[in-house]
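Asks: Please see the structure below; I have some questions.
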Amino acid sequence: MLTDLATTVTAAASQVPADLAAHGPWDGGGFSPWFLLFPLFWILVIGLFIFVARRTWRRNHEWATTRGGESVLRERYARGEINESEYRERLKVLRGDQK
C-alpha cells in the first residue's frame, strides 16, 4: 500500500517538469498571466480610494484651519478686543492677501 502511494507520487512529480518543458509555464495546467490582472485591479482601486480620501481630507483640513482663524478673529472683533483696522489687517494676513 505504501509503496503504491510512493510510486504514484514519484510518477506525478516526474511528470510536472516534463509538462513544463513541453508546454511552458503559460500553456496548459490552467496557469496564465491573466491571474495577475485581478490583484492588480484591486490594488489600483484601493490606491485610488486612498488617494481621493487623503486629498479630500487635506482640503477639508486646510479649509477648516483658515475658517477657524477667521471665526476666532470675528469673535475677538465682536467682543471689542481688537479695533476695525487691526481686524482688517489680520484678516488680510489670514487670507494671504498681503502685498
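Just so you know, all these numbers are worked out from the coordinates, no wet-lab data involved. These numbers come from a predicted model, not from an experiment. Ideal geometry is used to build each Cβ from the backbone, glycine not excepted, and the neighbour counts take in all protein chains shown.
Asks: Roughly how many nanometres apart are two label points built 7 Å out from the Cα toward the Cβ at Trp63 and Asp97?
Replies: Once both label points are built, they end up 2.0 nm from each other.
Asks: For Glu81 and Ile46, what is the calculated FRET efficiency with R₀ set at 41 Å and r taken between the beta-carbons, to the nearest 0.05? Display every interim value, and only then the final one.
Replies: On the way: r = 49 Å, r/R0 = 1.19.
The formula returns an efficiency of 0.25 here.
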